[in-house]
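Below is one structure, written out as C-alpha cells; the observations come after it.
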Amino acid sequence: MKYTLIGSFTSPYARKMRILLSTLGPFEFKSINYLEQADSNFLKSINPINQIPILLVGDTKIFDSRVIYNYLAKTHQLKELTLEEENRLSAIDAAMNTSINLFSLRRGGLDLNSGNTYVERQKERIPLILNYLSPWVKTLNSKEPAHWNFVTMSLYSYLYWGEFRQILDLSEFHEMRLFLENFKDAPGVIETTPPA
Ligand SMILES: N[C@@H](CCC(=O)N[C@@H](CS)C(=O)NCC(=O)O)C(=O)O
C-alpha cells in the first residue's frame, strides 16, 4: 500500500487525515497509544515532534497534518485552497490545538476553572473561533460534494472530538450541531468514528 498513516482512533488530527485518505483510495492505518510506554518509545523514535499523525510514503515521513495535506493535495491534484479557506483551516487547527491542550491539562489533574490566566486565554479562543466560522458554516450543504473538503473534514473531526471529550459546549452554537448532524454520513465519517 502506498500510504501508511500513524495515529490513534481518537485523535481529531489523525481522524481528518483518515477521512481525507479514505476518499483517495486504500491506505494502511497504524493505531498507537502514546500513553503506553512501548508506543510512546516508538513515536519518539520516528517523530522528534512526538505527535501524531505521521504519514509514511515509502521511506519518507511527513509529520504535520497540514504538511501531509499539502503533499496529498499536490499528489492527487486536489483543488488549491483559497486564502479564505486557509484562514478557516488555521482557525480550526488553533481551536483543535487549544482544546487538546485543555483536555490534556484536565486529564493531568488541573482544575480548568481555577482562574489561571493561561487557561483563561486558551478558553477564550474557542468561542472567538466558533463565532468567526459561524457565518460560513451556515452556508454549508451536505448535498453539495464540493462542500466536503479538507476544511470541513477538519471541522467535523474537531467538533465531534470536542463533544466526545466534553471539552466543547455547543449549546450556544446551533449551526455547529446542525453541521455535525448534516454531515454525519459524508464519505469517510462512519468508518472513522472513534470507538465508544
Ligand atoms: N500540529 C500537529 C498537531 C498534532 C497533535 O497535536 N497531535 C496530538 C494528538 S491529537 C498529539 O500527538 N499529542 C501528543 C502529545 O503532545 O503528547 C498536526 O497538525 O498534525
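A compact table of results
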| item | result |
| --- | --- |
| Some residue of the stretch 90-105 being farther than 21 Å from P53 by Cα and either within 16 Å of the ligand (Cβ to nearest atom) or not in a helix (DSSP H, G or I) (or both) | no |
| Options N116, N87; residue that is in the same structural domain as I167 (by TED's automatic domain parsing), under 20 Å from W148 (Cβ atoms) and more than 15 Å from the ligand (Cβ to nearest atom) | N87 |
| Residues satisfying the stated conditions in the stretch 35-80, i.e. at pLDDT 95 or above, within 15 Å of the ligand (Cβ to nearest atom) and in a loop (DSSP other than H, G, I, E, B) | E36, N47, P48, I49, N50, Q51, I52, P53, F63, D64 |
| Residue count for the stretch 22-34, restricted to those that are more than 14 Å from the ligand (Cβ to nearest atom) and in contact with a helix residue (DSSP H, G or I) (Cβ under 9 Å, 6 or more places away or on another chain) | 5 |
| Residue under evaluation D169, criteria (1) at pLDDT 95 or above; (2) surrounded by fewer than 17 Cβ atoms within 10 Å (Cβ to Cβ), criterion not met | (1) |
| Criterion: under 12 Å from the mean Cα position of the chain (by Cα) and either crowded, with 20+ Cβ neighbours inside 10 Å or closer than 17 Å to H76 by Cα (or both) - qualifying residue of L5, L20 | L20 |
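The values are calculated or read from the model by the stated rules, or taken from the named source; none is laboratory data. Quick caveat: nothing in here was measured; it's all calculated off a predicted structure. Reconstructed Cβ throughout: ideal geometry from the backbone, glycine too, with neighbour counts over all protein chains shown.
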